[in-house]
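Colleague: The structure's right below; bear with me while I get my questions together.
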Number of protein chains: 2
Amino acid sequence: MKPLRQVSQSVSIDSGQLQCRIDAIASLGGTRLAYTPADVEARSSVLEMMRQLGLKTAVDAVGNLIGCRPGRLSLAPIAFGSHIDTVRSGGRYDGVLGVAAGLECLASLAAADYVSRHPLEIIVFANEEGQNFGALCGSRAMIGALSPEDLLRVDETGRTLAEAIKVVGGNPRQINSAIRQPGEMAAFLELHIEQGAVLESVGAPIGVVEGISGISYTEVKLSGMANHSGTTVMDLRKDALVAAAQFVMAVQEAARQGGCRVATVGRLAVHPNSVNIIPGEVLLTVELRDVDRNKILETRRYLRDCGRQISERTGVGFEFTERELIDPVPCSAEVQQAIINSCEGMGVRYHRLPSGAGHDAQMMGKIAPMGMIFVPSAGGVSHSPEEFTAREHCALGAEVLLQTILRLDRDEGRGLE
Amino acid sequence: MKPLRQVSQSVSIDSGQLQCRIDAIASLGGTRLAYTPADVEARSSVLEMMRQLGLKTAVDAVGNLIGCRPGRLSLAPIAFGSHIDTVRSGGRYDGVLGVAAGLECLASLAAADYVSRHPLEIIVFANEEGQNFGALCGSRAMIGALSPEDLLRVDETGRTLAEAIKVVGGNPRQINSAIRQPGEMAAFLELHIEQGAVLESVGAPIGVVEGISGISYTEVKLSGMANHSGTTVMDLRKDALVAAAQFVMAVQEAARQGGCRVATVGRLAVHPNSVNIIPGEVLLTVELRDVDRNKILETRRYLRDCGRQISERTGVGFEFTERELIDPVPCSAEVQQAIINSCEGMGVRYHRLPSGAGHDAQMMGKIAPMGMIFVPSAGGVSHSPEEFTAREHCALGAEVLLQTILRLDRDEGRGLE
């Protein structure tokens, strides 16, 4: 029997190979909305990469791609991963880095003939971005939180989530077979770009995430009166866009004046949207994020009151539909410590921070000790074609991921088994 | 030779027939954007109506439909008409009333075997609403104000105005053949719904229009920075929609605080328009209307300054593109007097007012003595499926149109010959 190499220092990431892998995935369609042909094509490529690494691959019932590398012992697997779907006009690193780095960790172990104690599992989660059907579909299903009603939700084309899941090789009728019970996973790690400018501003190449912000999604419908723009005097108008403008300002002020950390109106549509017709209807979305659930709820109530006041003042009707509330999730203290130990072992500066973005890791955090590693986003830019993370930061993040996997695998007194 | 009946009292409008004709045109497609199949179909029907009235019909080079009834003398024709194209989700009376009433005037004269001194001409103007390519295309071409550049303008589908004109039977290469020189028309009259609530509020069934508001169209592009909504702190955002909201409020305030009479942001589009991306770009339109050209220009300058200030405050770039400025047009004093005399002759209450909307009549006013007759719009609602004008008001408007045509034809000392 071949002697096993167990000294983690001898295993390390090949920065050039990592960059090739990032480029290979990122160049598969600039926009890869989940369940579209571009997403399907990129998933096939990643599955092929897994096979080339000798992993045992599977597509679970919700469409998550899973690659397994056996361990020496009969233990729960240590899992890591991210996603490859994008928002509209998104960037090249969001999600892709975590998948590429996870594959490179496994490639490094293979190159070093290193066999871990735990089985290792890389997961590429389906529909993280939720441009249709709501975010985190794949990871949500994995913890049993995707409901039969969710499967009936439709996208802009009228397609249900159940139908979309079939397109990526899932089986919506057997959706429960994707569920992992608490204890079935020894730990979950996700490397991701920060998507903000905190690490850049403090000059740290690695972020140790303390917890993931909760998110509230609300849809608002404003109903005014469409009318001729030349003949309807200002005082007799019920202009839905003028009311919407006041509400957009209120959303801003709510976040700036100590409400939840960030608040955004990202989508807004005007009807009938003609140069010479007073807007009769506006539909818009409000998104609130904070690591404190109560702040989210307070801000949501405050904005509902603002809407009522604007409605009374303008005569424009307001309807609020609360679509979703994702709870904030703290990261595991043990996993955070393992990440910190890896950084200190490598002599790398790190900074502790909350995650403003939602991540699949927050779902995994409900069934397993979970941690996240951030690397800097140049200028804090993300969800944009200008999204960029320096090559050395990608490599450093992947190396911290690898060393943390190995530390957790050695179980350094944390009782993950 | 058959004796000619020349007493106008013996000629009058059949209110039931008028209503049938309004319904017949209005039911041809709820929305009839110019140059679409619905518009083409409705134009064919109206051309057929003209033929059934024994008119000599023609489609001029820009696509205006023209029906002629000969007169006894070799004089310039008295013309009247309106349009049958609509805005998106428009109403049943805007434009259609003037066309239906014009046809009924000619039907009444035919039924009474009344031959006028002047030739009479009904004109159905092409693309009045200007949902694509800008408003008043047909009447603009008729006064020689449609430029070669206008013909190259494209709609949302990439079709040029020249191509669109061919679809309605026009000949864009011979566009100048549509031009009428000053003096070629003895007078022009347009009956139209008020589209505002002034007549209703003063209780007058007939409006005598004093002049038509000028209109300025400006396109504004706001360029911010698309970014992740969860990770980009509020202070570092360049949210194009937040800047747009401030600008929409500024447009409101400009009109309310003594700027031009009405100011409207009717169209607004957000890019990329995703729930979890900070809006990177907003395109919007600003429309300003007043009977005083200077007020329009002052307000436009003021709003440009507002945009610059918002830009400095928010870091979002503003670009202003002034698309069009249509001058206010006064109505002919002589034609106004003929309308007033008709009302007084019929014992009908009238009210003098400006037109807030643009009309083909304002183009005709540059080459001929021009007047407009308004009838009340219920609740002031127009450019909306709820647009409504009572049957008796439609009939009264048509009767005033008919009597005014006959008064002008008799030339009662106004020197229109």
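Colleague: Can you list, shortest first in nanometers, how far B:ASP305 lies from the same residue in the other copies, with each label 7 Å from Cα toward Cβ?
Modeller: When each copy's label point is compared with this one, the spacings are 3.7 nm.
Colleague: Right, something else. Put +1 on the Cβ of every Lys and Arg and -1 on every Asp and Glu Cβ in region A:309-380; which of A:ALA333, A:MET370, A:VAL348 then has its Cα farthest towards the positive end of the dipole?
Modeller: Farthest towards the positive end: A:VAL348.
Colleague: For chain B, what does the helix formula give at 222 nm: sum of -39500 (n - 2.57) over DSSP H segments with n ≥ 4, over the residue count, nearest 500 deg cm²/dmol? Before the final figure, lay out the partial values.
Modeller: On the way: 12 runs with 144 residues, N = 417.
Calculated from helices alone, the mean residue ellipticity at 222 nm is -10500 deg cm²/dmol.
Colleague: Arrange the residues B:SER44, A:SER116 by how much accessible surface each exposes, largest first, with a 1.4 angstrom probe. Show your work: numbers first, answer last.
Modeller: Values: B:SER44 70, A:SER116 0 Å².
Output order, biggest surface exposure first: B:SER44, A:SER116.
Colleague: Follow-up question, since we're still on this one. Provide B:HIS383, B:HIS271 ordered by accessible surface of protein heavy atoms (probe 1.4 Å), highest first.
Modeller: Details: B:HIS383 5, B:HIS271 100 Å².
The most accessible residue leads, giving B:HIS271, B:HIS383.
Colleague: Which net charge results when you count Lys and Arg as +1 and Asp and Glu as -1 among the other residues whose beta-carbon is under 12 Å from that of B:ALA101? The partial results should precede the final answer.
Modeller: Details: positive: B:ARG21; negative: B:ASP14, B:GLU104, B:GLU190, B:GLU399.
Taking every Cβ under 12 Å from that of B:ALA101, the sum is -3.
Colleague: Cα centroids of region A:257-291 and region B:254-283: how far apart, whole angstrom?
Modeller: 11
Colleague: Give the residue from B:LEU241, B:VAL275, B:GLY196 lying farthest towards the positive end of the charge dipole for chain B; charges sit on Cβ (+1 for Lys and Arg, -1 for Asp and Glu) and the dipole is referred to the Cα centre.
Modeller: Working it through, the farthest residue towards the positive pole turns out to be B:GLY196.
Colleague: Please give me the summed charge of the neighbours of B:LEU222: other residues whose Cβ is under 14 Å from its Cβ, Lys and Arg +1, Asp and Glu -1.
Modeller: Values: positive: B:LYS221, B:ARG237, B:LYS238, B:ARG267, B:ARG304, B:ARG308, B:ARG313; negative: B:GLU219, B:ASP239, B:GLU281, B:GLU312, B:GLU319.
Charge balance in the 14 Å sphere: +2.
Colleague: Pop out the ³J(HN,Hα) list for region A:97-114 in order, Karplus 6.51 cos²θ - 1.76 cosθ + 1.60 with θ = phi - 60°, rounded to Hz; leave Gly and Pro as x.
Modeller: Karplus-based 3J(HN,Hα) across region A:97-114 equals 4, x, 6, 4, 5, x, 5, 5, 4, 5, 5, 5, 5, 5, 4, 8, 6, 8 Hz.
Colleague: From the phi angles alone, apply the Karplus equation (6.51, -1.76, 1.60; θ = phi - 60°) to region B:173-190 and give each ³J(HN,Hα) in whole Hz, x where the residue is Gly or Pro.
Modeller: Values, residue by residue: 6, 10, 4, 5, 5, 7, 5, 10, 7, x, x, 6, 10, 6, 6, 10, 10, 9 Hz.
Colleague: Related question: Using a 1.4 Å probe and counting only protein heavy atoms, arrange B:LYS166, B:LYS295 so the residue with the most accessible area comes first. If you can, show how the numbers build up before the last one.
Modeller: Working: B:LYS166 125, B:LYS295 80 Å².
So, going from the largest accessible area down, we get B:LYS166, B:LYS295.
Colleague: Take the Cβ-Cβ distance between B:ASP14 and A:VAL167 as r, set R0 to 51 Å, and report the resulting FRET efficiency rounded to the nearest 0.05.
Modeller: Numbers: r = 62 Å, r/R0 = 1.22.
Once rounded, the FRET efficiency stands at 0.25.
Colleague: 5 Å is the cut-off here: which amide hydrogens, built 1.01 Å from N in the peptide plane, fall below it relative to A:ILE212, excluding neighbours closer than 5 in sequence?
Modeller: Under 5 Å from the amide H of A:ILE212 lie the amide H atoms of A:VAL329, A:CYS331, A:SER355, each far enough along the sequence or on another chain.
Colleague: Sticking with this structure for a sec: For an R0 of 60 angstrom, estimate the FRET efficiency from the Cβ-Cβ distance between A:ARG349 and A:ASP235 and round to the nearest 0.05.
Modeller: Working: r = 61 Å, r/R0 = 1.02.
Once rounded, the FRET efficiency stands at 0.50.
Colleague: Could you tell me, in Å, what Rg and Dmax come out for the Cα atoms of region B:271-365?
Modeller: Both quantities, over Cα of region B:271-365: 21.2, 66 Å.
Colleague: How much length is gained if the chain between A:SER177 and A:ARG256 is pulled fully straight, taking 0.36 nm per residue apart and subtracting their Cα-Cα distance, in nm to one decimal?
Modeller: Details: separation 79, 0.36 × 79 = 28.44 nm, distance 4.39 nm.
Answer, rounded to one decimal: 24.0 nm.
Colleague: Something else about it: So what are the ³J(HN,Hα) numbers for region A:141-153, from phi and the Karplus equation (6.51, -1.76, 1.60; θ = phi - 60°), rounded to whole Hz, Gly and Pro as x?
Modeller: 4, 5, 9, x, 10, 9, 8, x, 5, 4, 5, 8, 4
Colleague: Related question: Taking the simple approach of a point 7 Å from Cα along Cα-to-Cβ for both A:GLU200 and A:THR57, what is their distance in nm?
Modeller: Output for this residue pair reads 3.5 nm.
Colleague: Sticking with this one: Quick one: putting +1 on the C-beta of Lys and Arg, -1 on the C-beta of Asp and Glu, what dipole do you get for the protein assembly as shown around its Cα centre, in Debye to the nearest 20? Mind dumping the intermediate values first?
Modeller: On the way: 80 positive and 98 negative charges, 60 e Å.
Computed charge dipole of the protein assembly as shown: roughly 280 debye.
Colleague: If I ignore ligands, DNA and RNA and count only protein heavy atoms, how much of A:THR31 is accessible to a 1.4 Å probe, in Å² to the nearest 10?
Modeller: The value for A:THR31 is about 60 Å².
Colleague: For the protein assembly as shown, give the share of DSSP beta bridges that are antiparallel, in percent and rounded to the nearest 5; count only bridges with both residues there.
Modeller: On the way: 85 of 125 bridges.
Counting only bridges with both partners in the protein assembly as shown, antiparallel ones make up about 70 percent.
Colleague: Whole number please: convex hull volume per residue, Cα atoms of region A:212-266, in Å³. Please report the intermediate quantities before stating the final value.
Modeller: On the way: hull volume 5.2 nm³, N = 55.
Enclosed volume per residue, from the Cα hull, is 94 Å³.
Colleague: Could you run the Debye sum over the Cα atoms of region A:153-230, one equal point scatterer each and no solvent, and tell me log10 of I(q)/I(0) at q = 0.10, 0.25, 0.27 Å⁻¹, two decimals?
Modeller: Normalising to I(0) and taking log10 leaves -0.62, -1.16, -1.22.
Colleague: List for region B:270-308: residues with 10 Å² or greater reduction in accessible area, all protein chains versus chain alone, probe 1.4 Å?
Modeller: Correct list: B:VAL270, B:HIS271, B:PRO272, B:ASN273, B:SER274, B:VAL275, B:ASN276, B:ILE277, B:PRO279, B:THR285, B:GLU287, B:ARG289.
Colleague: Counting only the heavy atoms of the protein chains, how much of A:VAL154 is accessible to a 1.4 Å probe, in Å² to the nearest 10?
Modeller: Ignoring ligands and nucleic acids, A:VAL154 comes out at about 90 Å².
Colleague: Still on this structure, please answer the following. With +1 assigned to the C-beta of every Lys and Arg and -1 to the C-beta of every Asp and Glu, and no other charges, what is the dipole magnitude of region A:34-136 about the Cα centre in debye, to the nearest 20? Before the final figure, lay out the partial values.
Modeller: Values: 8 positive and 11 negative charges, 68 e Å.
Taking the Cα centre of region A:34-136 as origin, the dipole is about 320 debye.
Colleague: In terms of modelled amide H atoms, which long-range or inter-chain residues lie less than 5 Å from the amide H of A:GLY266?
Modeller: Residues meeting the criterion, in which the H sits 1.01 Å from N, are A:THR285, A:GLU287.
Colleague: May I pose another question? So for region B:274-417, taking the charge dipole from beta-carbon charges (+1 Lys/Arg, -1 Asp/Glu), which of B:HIS359, B:ALA395, B:PHE318 sits furthest toward the positive end?
Modeller: Projecting each Cα onto the dipole axis, the largest value belongs to B:PHE318.
Colleague: Have a look at region A:237-262 and report residues whose accessible surface goes down by 30 Å² or more when the remaining protein chains are included, against the chain on its own, probe 1.4 Å, ligands and DNA/RNA excluded.
Modeller: The answer is A:ARG237, A:LEU241, A:VAL242, A:ALA245, A:VAL248, A:MET249, A:GLN252, A:ARG256, A:ARG261, A:VAL262 - residues whose exposure falls by at least 30 Å² when every protein chain is included.
Colleague: State, in square angstrom and to the nearest 100, the accessible area buried between chains A and B, both chains counted, probe radius 1.4 Å.
Modeller: Values: alone 17560 and 17530 Å², together 30050 Å².
The contact between B and A buries close to 5000 Å².
Colleague: Say R0 is 22 Å: what FRET efficiency, to the nearest 0.05, do A:ASN341 and A:GLU184 get from their beta-carbon distance?
Modeller: Working: r = 25 Å, r/R0 = 1.14.
Step by step, r from the Cβ atoms, then E = 0.30.
Colleague: At a temperature of 37 °C and a viscosity of 0.692 mPa s, determine how fast the protein assembly as shown diffuses translationally according to Stokes-Einstein, using the Kirkwood radius over alpha-carbon pairs as Rh; express D in µm²/s, rounded to the nearest whole number.
Modeller: Values: Rh = 30.3 Å.
Estimated via Stokes-Einstein, D reaches 108 µm²/s.
Colleague: Output the Kirkwood hydrodynamic radius of region B:21-139, Cα pairs only, in Å rounded to one decimal. It would help to have the intermediate numbers written out before the result.
Modeller: Numbers: mean 1/r = 0.0695 Å⁻¹.
When all Cα pairs of region B:21-139 are included, the Kirkwood radius is 14.4 Å.
Colleague: In nm, give the distance between the simple-model label positions of A:ASP292 and B:LEU297, each being 7 Å from the Cα along the Cα-to-Cβ direction.
Modeller: Each label point is offset 7 Å from its Cα along the Cβ direction, giving 5.6 nm.
Colleague: Which values, in whole Å and largest first, are the semi-axes of the equivalent ellipsoid of region B:102-248 obtained as the square root of 5 times each eigenvalue of the Cα gyration tensor?
Modeller: On the way: eigenvalues 388, 121, 35 Å².
Ellipsoid semi-axes (Å, largest first): 44, 25, 13.
Colleague: Quick one: if you take sqrt(5λ) for each eigenvalue of the C-alpha gyration tensor of region A:142-193, what semi-axes come out, biggest first, whole angstrom? Walk me through the numbers before you get to the answer.
Modeller: On the way: eigenvalues 125, 45, 20 Å².
That gives 25, 15, 10 Å for the three semi-axes.
Colleague: So what is Rg over Rh here for chain A, counting just Cα atoms and using Kirkwood for Rh?
Modeller: Values: Rg = 23.1 Å, Rh = 22.5 Å.
So for chain A, dividing Rg by the Kirkwood Rh gives 1.02.
Colleague: For chain A, give me the percentage of DSSP beta bridges that are antiparallel, rounded to the nearest 5 percent.
Modeller: Values: 42 of 62 bridges.
In chain A, DSSP labels about 70 percent of beta bridges as antiparallel.
Colleague: Once label points are set 7 Å from the Cα along Cα→Cβ at both A:GLU48 and A:GLU319, what is their separation, rounded to one decimal in nm?
Modeller: 4.7
Colleague: For the cross-link pairs A:LYS238/B:LYS238; A:LYS221/A:LYS366; A:LYS221/B:LYS295; B:LYS221/B:LYS366; B:LYS166/B:LYS366, which exceed 31 Å when the distance is taken from alpha carbon to alpha carbon? Walk me through the numbers before you get to the answer.
Modeller: Numbers: A:LYS238/B:LYS238 29 Å; A:LYS221/A:LYS366 34 Å; A:LYS221/B:LYS295 35 Å; B:LYS221/B:LYS366 34 Å; B:LYS166/B:LYS366 26 Å.
Where the Cα-Cα span goes over 31 Å, the pairs concerned are A:LYS221/A:LYS366; A:LYS221/B:LYS295; B:LYS221/B:LYS366.
Colleague: Leaving out ligands and nucleic acids, note down the accessible area per residue over region B:246-343 with a 1.4 angstrom probe, in whole Å².
Modeller: Values: 3910 Å² over 98 residues.
On a per-residue basis, 40 Å².
Colleague: Heavy atoms only, probe 1.4 Å: what % of the accessible area of the protein assembly as shown goes to carbon and sulfur, would you let me know? Display every interim value, and only then the final one.
Modeller: Numbers: 14860 of 30050 Å².
Exposed carbon and sulfur together represent 49 percent of the surface.
Colleague: Which of B:GLU104, B:GLU281, B:GLU149 moves most in a GNM of chain B, Cα contacts under 10 Å?
Modeller: Judging by the Gaussian network model, the answer is B:GLU149.
Colleague: Convert 37 °C to kelvin, take the viscosity as 0.692 mPa s, use the Kirkwood radius over C-alpha pairs of region B:250-289 as Rh, and evaluate the Stokes-Einstein diffusion coefficient in µm²/s, rounded to a whole number. Write down the numbers at each step before the final one.
Modeller: Values: Rh = 11.6 Å.
D = 284 µm²/s.
Colleague: About its Cα centre, how strong a charge dipole does region B:170-317 have in debye, to the nearest 20, once Lys and Arg get +1 and Asp and Glu get -1 at the Cβ? Could you put the intermediate results ahead of the total?
Modeller: Working: 16 positive and 16 negative charges, 92 e Å.
So the dipole magnitude of region B:170-317 works out to roughly 440 debye.
Colleague: Taking N as the number of residues in region B:258-417, what is its Cα Rg relative to 2.2 N^0.38 Å? All intermediate terms of the calculation are to be shown ahead of the outcome.
Modeller: On the way: Rg = 21.7 Å, N = 160, 2.2 N^0.38 = 15.1 Å.
Normalised Cα radius of gyration, region B:258-417: 1.43.
The values are calculated or read from the model by the stated rules, or taken from the named source; none is laboratory data. Keep in mind it's a predicted model, so treat the numbers as computed, not measured. Glycine also receives a Cβ, built like all others from the backbone with ideal geometry; neighbour counts cover every protein chain displayed. Ligands, DNA and RNA are excluded from the accessible area calculation, which covers all protein heavy atoms including side chains. Shrake-Rupley method; radii C 1.70, N 1.55, O 1.52, S 1.80 Å.
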